[in-house]
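S.K.: Have a look at this one before I ask anything.
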Amino acid sequence: MKNIADIRKDYASQTLDPDDCLAHPVAQFSRWLDDAIAADVPEPTAMLVSTVSPEGRPAARVVLLKGVEDNQLVFYTNYHSRKGQHLGHTPFIALTFFWPELERQVNIEGVVNRVADETSDAYFDSRPYKSRVGAWASEQSQPISGKEVVMARFARFAAQYLTHVPRPPHWGGFAVTPERMEFWQGRPSRLHDRVLYLPDGQGGWQKQRLAP
Ligand SMILES: Cc1cc2nc3c(=O)[nH]c(=O)nc-3n(C[C@H](O)[C@H](O)[C@H](O)COP(=O)(O)O)c2cc1C
């Protein structure tokens with residue numbers, strides 16, 4: 001294997017200054033997400049979702065962001081999954097976006113709530129038929145003896161729901177209300193630009209630069 005300690009890239013394409021950042025961090029995030037989409041990066045909405053187990057141990061996995069509404073970030077999953085159980089116990093979360101082509105990272109920490117049933121219904125109904133059946137077929141994060149277990153459940157639910165597939169009650173959205181957001185722009189010699197947003201205590205946000 002190549003000596004991975006020798007892999008290094010100098011970042012230089014753009015700068016980030018607190019004065020150039022929008023007043024609200026979710027607006028700034030939307031601007032950067034738009035940039036990532038416009039740059040045609042692969043999976044611009046993919047984010048690392050970090051949760052905490054009841055024993056206080058962190059766990060992380062990639063999930064797709066599905067909406068930015070009312071200054072909240074929304075994703076969809078199985079509420080019975082491992083992450084769903086973690087969030088049911090400890091409703092705090094961290095989201096990490098990494099867009100290497102833009103030399104950018106965003107770190108978001110916040111609190112989650114389940115979205116309204118009607119919101120989950122609307123998104124569920126917009127998904128392709130097989131994805132909707134799949135939500136019934138997969139008991140996400142449970143051990144299974146083989147793939148045929150899921151295929152058999154898929155066939156069973158496809159036969160049961162020939163046209164209209166109702167949303168499983170254990171499947172839906174989580175909305176993340178940010179309490180801390182940090183924007184990272186890679187710079188030469190590891191002297192990166194970092195801008196942190198924290199609540200200002202008066203309903204707004206304050207920005208500060210962090211050392212790289
Ligand atoms: C690119 C990508 C997108 C994914 N999107 C989702 C998603 O939107 N919702 C979801 O529940 N899992 C998604 N997954 C699967 C999760 O990474 C994970 O395997 C699954 O949610 C079970 O995680 P858990 O056992 O920690 O709850 C995605 C995985 C990848 C690699």
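The values are calculated or read from the model by the stated rules, or taken from the named source; none is laboratory data. All values reported here derive from a predicted model rather than from experimental measurement. All Cβ positions, glycine included, derive from the backbone under ideal geometry; neighbour counts span all protein chains shown. The protein model used for the area step is the full one, side chains on, heavy atoms only, and it has no ligands, DNA or RNA in it. Shrake-Rupley method; radii C 1.70, N 1.55, O 1.52, S 1.80 Å.
S.K.: Determine Rg/Rh for the chain; Rg is computed over alpha-carbon atoms and Rh is the Kirkwood hydrodynamic estimate from the same atoms.
M.R.: 1.03
S.K.: Before anything else, pin down the relative contact order of the chain: Cα pairs under 8 Å, at least 6 apart, normalised by residue count, whole percent.
M.R.: Here the relative contact order equals 26 percent.
S.K.: At 7 Å along Cα-to-Cβ for each site, give me the label-to-label distance between Leu198 and Lys130 in nm.
M.R.: Spacing of the two 7 Å Cα→Cβ label points: 4.9 nm.
S.K.: Percent of accessible area on segment 1-62 owned by carbon and sulfur, 1.4 Å probe?
M.R.: Roughly 53 percent of what the probe reaches on segment 1-62 is carbon or sulfur.
S.K.: Same structure, new question: Which value, in Å to one decimal place, does the Kirkwood hydrodynamic radius take for segment 89-150 when every pair of different Cα atoms is included?
M.R.: This gives a value of 15.4 Å.
S.K.: Same structure, new question: By the gyration tensor of its Cα atoms, with a ≥ b ≥ c the square roots of the eigenvalues, what is the shape of segment 1-119: rounded for a/c under 1.5, prolate for a/b over b/c, or oblate?
M.R.: Oblate shape, in that a/c is at least 1.5 and b/c is the bigger or equal ratio.
S.K.: Using a basic spin-label model with each label point 7 Å from the Cα along Cα→Cβ, how many nm lie between Ala5 and Ala39?
M.R.: Taking the two extended label points, one gets 3.0 nm.
S.K.: Which value, in debye to the nearest 20, gives the size of the charge dipole of segment 10-141 about its Cα centre, when Lys and Arg are +1 and Asp and Glu are -1 at the Cβ?
M.R.: 780 debye
S.K.: Keeping all protein chains in place, calculate the accessible area per residue for the chain (probe 1.4 angstrom), answer in Å².
M.R.: Result: 56 Å² per residue.
S.K.: Let me ask you something else. Based on DSSP H runs of at least 4 residues, each adding -39500 (n - 2.57), what is the mean residue ellipticity at 222 nm of the chain after dividing by all its residues, to the nearest 500 deg cm²/dmol?
M.R.: The per-residue figure over the chain is -8000 deg cm²/dmol.
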